[in-house]
Amino acid sequence: MPSTMQDEPLSLATLLRYATTVHADATVRTWTGSGSRVLTYRELGDRAAQLAHALTALGIGRGDRVGTFMWNNNEHLLAYCAVPAMGAVLHTLNIRLFPEQIAFVANHAGDKAVIVDGSLMPAFEQVLPQLRTVRHVIVANGDAAALRAPEGVAVHELDTLLAGHSSTFDFPLLDERSAAAMCYTSGTTGDPKGVVYSHRSNWLHSMHACTTDGMGIRTGDRVLAIVPLFHANAWGLPYAALMVGASLVMPDRFLQPSPLLELMAAERPSFAAAVPTVWNGVLAAVDAAPQDLGHLRAVVVGGSAVPPQLMRAFEDRHGVRIIQAWGMTETSPLGCVAWPPPGIEGEDAYAYRVTQGRFPAPVQARLVGDDGTELPRDGKAVGELEVRGPWITASYYSPDAGTVGSDAFRDGWLRTGDVGTITADGYLTLVDRAKDIIKSGGEWISSVALENAIMAHPDVVEAAVFGVPDERWDERPVVAAALRAGAEADAGVLRAFLAGRTAKWQLPERWTFLPEVPKTSVGKFDKKALRARYSSGELDIVVIDSTSTQTNSDSRAG
């Protein structure tokens, strides 16, 4: 029996029309280092129409990929709006990938045009000669004439390109299952893999982001989007803000703690989102030079596990509530958010807040053991997390319709590579990444649990734990730590600090100290790089004998 409901496609063009009329006075504000460049949503709608006309005049049509190589700013949001609404496909290029990786993903996606921020032209120039399908480069906030382009590539200046075009555009009625945007994984275990989001998946994801069990974004919010627009849909913040008329605050290139705090003092956002490493830096800066952060009603943190002590420090010292979330490029990316159940407050709430969160109704989840059997949701059984749902990818993009990364899928489920537990009431706790968990003497050691325990020491800013081969135990953990300026802690002190916080057999013997733990292009600890540096002997390793507190220099031998 068919329903009587109208079949209106969930199109991002509909979302754009709604946001720029009903919420026309909401704003997107880009920080310049001393103030903000402001664009109302009404003006955003006008410019989106002009950009759609301009791209059409350049020969960009339905399904054509338009890349962006940009910071979080007004112009990047403009591309988020215009490109999908006109029927083309937005492809956000990760500016922090290596040049050969950027070239790979642009060629793999078949980008026909790329919008580039003027400040990033030198980096983009290194890649441009390798781009086989790009025919147009559009420069925003810079001198287009200064960009050296190979023959056959036309270079345009954004404002000049928009001038003369109408501020109205007849955005097409699109199939909601058609492609709206592309994002590639960060390529930590091989070539980056492409995920293609649909209009429908973006719409449904945005609706969830605005619910109280999602990120709770609401009308009147000022959303500080530190998480980059060039990766994983900026956690869905742009479209969620448009959906409810929340204003957006963009940091542009000013991503260090001091300028972020200056931005917050001036713009007073009510909501913010970024990875833990960003908030570690902000905490150190605001502890050293206190300022009011009471305007932040919530901060969502994800990308990697949030150290519990980071949550407590922000709440106890600055009145800021950090909410942990979990997701992946492949999940659009919001999978679950760690809001405690109703009525649970104070210390009791932390048992829920330190989890990765509770799955919403659209995201189905299960744990699978090594033998492929499904494990119970009892908060105890540990297995690989698999998920499926309307904003979870079912495959990776292949330009020739071939198969890419088939081992990441099983019977219609996405194999996340994360290992953890799920409770009966749907809360996920991750133990580790499958590739990072350490098997020592037949028992598992969670690198995440060790990292959190080490970072609880007041002298430690960052700590990454990775496994290395060991002749006796198969694998043993190595700690790479970055200490606060003037800190006196050493390997012996930190190992003693861990005693009583973790099982004795898990205590690391090998330690190295770095000015900063290396990061991936999306701000996670780069354990692949640490393993490589360890194997090549680049790291200065200190060994703590398990039977004494003496330290000595060590080679790679176990």
Residue check, Val195 surrounded by fewer than 21 Cβ atoms within 10 Å (Cβ to Cβ) and at pLDDT 95 or above: no
I'd like to check which strands (runs of 3 or more DSSP E) are fully inside the range 221-279 and have at least 3 residues that are touching a helix residue (DSSP H, G or I) at 6+ places or on another chain (Cβ under 6 Å) and surrounded by fewer than 20 Cβ atoms within 10 Å (Cβ to Cβ). none
Quick check on the range 181-190. Is at least one of its residues under 21 Å from Thr20 (Cα atoms), crowded, with 24+ Cβ neighbours inside 10 Å and either in contact with a strand residue (DSSP E or B) (Cβ under 9 Å, 6 or more places away or on another chain) or of a type in the set (Ser, Thr, Tyr) (or both)? yes
So which of Leu147, Leu128 ends up being surrounded by 16 or more Cβ atoms within 10 Å (Cβ to Cβ), out of contact with any Gly (no Cβ under 9 Å at 6 or more places or on another chain) and of a type outside the set (S, T, N, Q)? Leu128
Please enumerate the residues belonging to the range 358-392 that are among the β-branched types (Val, Ile, Thr), in a loop (DSSP other than H, G, I, E, B) and at pLDDT 95 or above. Val363, Thr373, Ile392
Is the range 442-463 home to any residue that is out of contact with any strand residue (DSSP E or B) (no Cβ under 6 Å at 6 or more places or on another chain), in contact (Cβ under 8 Å) with a residue 24 or more places away in the chain and aromatic (Phe, Trp, Tyr)? yes
Helices (runs of 4 or more DSSP H) lying entirely in the range 16-128 (those with 3 or more residues that are within 24 Å of Phe171 (Cβ to Cβ)): 41-57, 74-85
Just give me the residues in the range 6-23 being of a type in the set (A, V, I, L, M) and more than 13 Å from Ala48 (Cα to Cα), in sequence order. Leu10, Val22
Select, from Gly346, Gly383, Gly357, the only residue that is of a type outside the set (A, V, I, L, M) and under 23 Å from the mean Cα position of the chain (by Cα). Gly357
Some residue of the range 320-342 being over 17 Å from the mean Cα position of the chain (by Cα) and modelled with pLDDT under 95: yes
Please verify whether Asp213 is over 27 Å from Gly486 (Cβ atoms) and buried (at least 18 other Cβ atoms within 10 Å of the Cβ), treating the condition exactly as stated. no
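Quick one: count up the residues across the range 202-211 that are in contact with a strand residue (DSSP E or B) (Cβ under 8 Å, 6 or more places away or on another chain) and either among the small types (Gly, Ala, Ser) or modelled with pLDDT under 95 (or both).
1
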Just one of the numbered conditions (1) free of Cβ contacts under 8 Å to residues at least 40 places away in the same chain; (2) touching a strand residue (DSSP E or B) at 6+ places or on another chain (Cβ under 6 Å) is not true of Ala298; which one? (1)
Take the conditions in a loop (DSSP other than H, G, I, E, B), in contact (Cβ under 8 Å) with a residue 12 or more places away in the chain and under 22 Å from the mean Cα position of the chain (by Cα) and apply them to Pro150. Does it pass? no
Given (1) within 23 Å of Ala52 (Cα to Cα); (2) touching a residue at least 60 places away in the same chain (Cβ under 8 Å); (3) in contact with a helix residue (DSSP H, G or I) (Cβ under 7 Å, 6 or more places away or on another chain); (4) crowded, with 18+ Cβ neighbours inside 10 Å, number of the condition Ser178 does not satisfy: (4)
State whether the residues of the range 490-510 include one that is closer than 24 Å to Val275 by Cα, free of Cβ contacts under 8 Å to residues at least 40 places away in the same chain and surrounded by fewer than 19 Cβ atoms within 10 Å (Cβ to Cβ). no
Scan of the range 280-298 for residues that are touching a Phe, Trp or Tyr at 6+ places or on another chain (Cβ under 7 Å) and either within 17 Å of Ala456 (Cα to Cα) or buried (at least 23 other Cβ atoms within 10 Å of the Cβ) (or both), ordered by number: Leu283
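Out of the residues in the range 356-384 that are free of Cβ contacts under 8 Å to residues at least 60 places away in the same chain, charged (D, E, K, R) and under 20 Å from Met328 (Cα atoms), state the one that is surrounded by the fewest Cβ atoms within 10 Å (Cβ to Cβ).
Arg366
Quickly run through the range 310-328 and pick out the residues that are surrounded by fewer than 17 Cβ atoms within 10 Å (Cβ to Cβ) and either acidic (Asp, Glu) or not in a loop (DSSP other than H, G, I, E, B) (or both).
Arg312, Glu315, Asp316, Arg317
Can you go through Val223, Val155 and tell me which one is without any contact (Cβ under 8 Å) to a residue 24 or more places away in the chain, in contact with a strand residue (DSSP E or B) (Cβ under 9 Å, 6 or more places away or on another chain) and aliphatic (A, V, I, L, M)? Reasoning before the result, please.
Working: Val223 fails: without any contact (Cβ under 8 Å) to a residue 24 or more places away in the chain.
One residue alone meets the criteria, Val155.
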Return the only residue of Ala103, Ala163, Ala145 being among the small types (Gly, Ala, Ser) and closer than 28 Å to Val522 by Cα. Ala103
Would you tally the residues in the range 1-15 being polar (S, T, N, Q) and either surrounded by 12 or more Cβ atoms within 10 Å (Cβ to Cβ) or in a strand (DSSP E or B) (or both)? 2
From the list Asp287, Asp292, exactly one residue is over 16 Å from Ala225 (Cα atoms), assigned to a helix (DSSP H, G or I), at pLDDT 95 or above and more than 18 Å from the chain's Cα centre (by Cα). Which is it? Asp287
Taking into account only those residues within the range 16-38 that are more than 13 Å from Leu242 (Cβ to Cβ) and of a type outside the set (Ser, Thr, Tyr), which is surrounded by the most Cβ atoms within 10 Å (Cβ to Cβ)? Trp31
Looking at Asp25, Asp64, which one is more than 30 Å from Pro399 (Cβ to Cβ) and out of contact with any Leu (no Cβ under 8 Å at 6 or more places or on another chain)? Asp25
Note on the range 395-441: residues at pLDDT 95 or above, surrounded by 12 or more Cβ atoms within 10 Å (Cβ to Cβ), of a type in the set (A, V, I, L, M) and not in a strand (DSSP E or B) are none
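The values are calculated or read from the model by the stated rules, or taken from the named source; none is laboratory data. Note that the structure is predicted; figures quoted are calculated from it, not measured. Every residue, glycine as well, gets a Cβ built from its backbone with ideal geometry; the counts of neighbours run over all protein chains shown.
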